[in-house]
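Readers should treat all values here as calculations from the given coordinates under stated rules, not as data from a laboratory. Quick caveat: nothing in here was measured; it's all calculated off a predicted structure. No Cβ is skipped: glycine too gets one built from the backbone with ideal geometry, and neighbour counts run over all protein chains shown.
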Amino acid sequence: MNILMLSDVYFPRVNGVSASIRTFSRELARLGHAVTIVAPEYGASAAADEFEIIRIPARVIFFDPEDRLIRARALHAALRDLSKRSWDIIHIHTPFRAHQLGILLGRRTGCPTVESYHTFFEEYAAHYLPWLPAPLLRFAARRFSRHLCHDVDHLIVPTSQMSGVLAGYGIATPSSVIPTGIHLDEFREGDGERFRREHDIALDQPTLVTVSRLAAEKNIGFLLDVTRVLIREFPRLVFIVAGEGPEAERLKQRADALGLSANLRFVGNLDRRTQLLDCYRAGDIFVFASPTETQGLVLLEAMSLGVPIVSTAVMGTATVLKDARSARISAQTVGEFAGNVAALLRSPADRRALSEAGPEDARAWSAPVLMKRVVDLYSRLSAPQVSKREALRMRQQVLQD
């Protein structure tokens, strides 16, 4: 099959959507399908991939300089060029200019459109537009979601919880619950001791790690509060925060205000094939408390690497952690969360048990297994389109005559 992936974000921009698209595309390419990704230009080089990537001119978004908005004129040029090629499936991953391009292209070519619902907009809106009334934000986010979802032929949602949310919005578009998963073989290595040496962390220091975009909805501030409680018993504790984002400076300032400067290491974005693996391995415990995840891929990465987990379980993280033997689930209260972490720090045997269970837990989320379901979906959607495309061609021929 010839598969077109459309997104308003992709590497070198680092986030869960970029990782999900790359996982989809690499596995599809491994299975022998032709994949083309269309994404914004960032003005920075990114590692080469084993599939075609078309970059579209884009501009910086003033209130979110990490991201880009595809230029309207460039979008129409891309529509013209992409319409000349043959596609079996158009898979849209984000809701802005990429969504617009995918819908226009689907209508012009008769190609079926699929959209992955990656982002829980209702929860995100309150963090980015806090000056607007909450009921108005919820109404706008739900209406926006209905509009997006009703544009496409089929939805892919990562968890049953997210499927339930969309059903509650009154969305009737056919959908399939298919998580992205991860390539387990990419999360086998890593040298935690090397990472500790590079970042001046002694081998016997208790260490926590989280991997996340540094944004308000990721709830890193809550983990700083947890750290402040923990250092009363573990004064040498180090909390490693890997990632970048708009809240980075505010979080560093807050860490200073809480007296945590000596206990924090903000290490930025790390190479996913080398440094990031070392970072995970450096942690005695992986901690996570985001309430807005549709998937929680970093939890799967930590599991695969055998890092014990303490996490809240909300939306996508609830699905990932259900029946997981490699994690301790906590309520989002500082006292309970800190208590779960402290109990594990006191018990090497308990940490070892969680660590040994991690790779087995992660195996259920293997990308090759899950991607077979995506390919089956693509095949079902594209097969009936033969007649649809032929009807479109005939209508165009009549108009020409």
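Net charge dipole, the chain: roughly 1000 debye, given to the nearest 20, about the Cα centre with Cβ charges of +1 for Lys and Arg and -1 for Asp and Glu. Fewest neighbouring Cβ atoms within 10 Å first, the residues T173, T317 line up as T173, T317. With all pairs of separate Cα atoms included, segment 50-188 yields a Kirkwood hydrodynamic radius of 16.9 Å. Fully extending the segment from L104 to A72 would add 10.2 nm, taking 0.36 nm per residue of separation and subtracting the current Cα-Cα distance. Annotation: extensible slack from E193 through I61 equals 43.6 nm (criterion: 0.36 nm per residue apart, minus Cα-Cα distance). Between V375 and I53, the simple spin-label model (points 7 angstrom out along Cα→Cβ) gives 2.4 nm. Per-residue Cβ neighbour counts within 10 Å put V298, V334 in the sequence V334, V298, beginning with the fewest.
Within segment 346-369, which residues have the backbone N less than 18 Å from the label spot 7 Å out from Q205 along Cα→beta-carbon, could you tell me? The answer is 346.
Helix content alone sets the calculated 222 nm mean residue ellipticity of the chain: runs of n ≥ 4 DSSP H residues at -39500 (n - 2.57) each, divided across all residues, give -14500 deg cm²/dmol. When the Cα gyration tensor is reduced to axis lengths a ≥ b ≥ c, the ratio a/c stays below 1.5 for segment 184-363, which is therefore classed as rounded. Computed extension length for E336-E41: 101.8 nm, one decimal, from 0.36 nm per residue of separation with the Cα-Cα distance subtracted.
Under the combined filter of DSSP loop state and at most 14 neighbouring Cβ atoms within 10 Å, segment 133-188 retains these trypsin sites (Lys or Arg not before Pro): R188.
Across the chain the C-alpha pair distances fall into 20 Å bins from zero in the proportions 26, 56, 17, 2, 0 percent.
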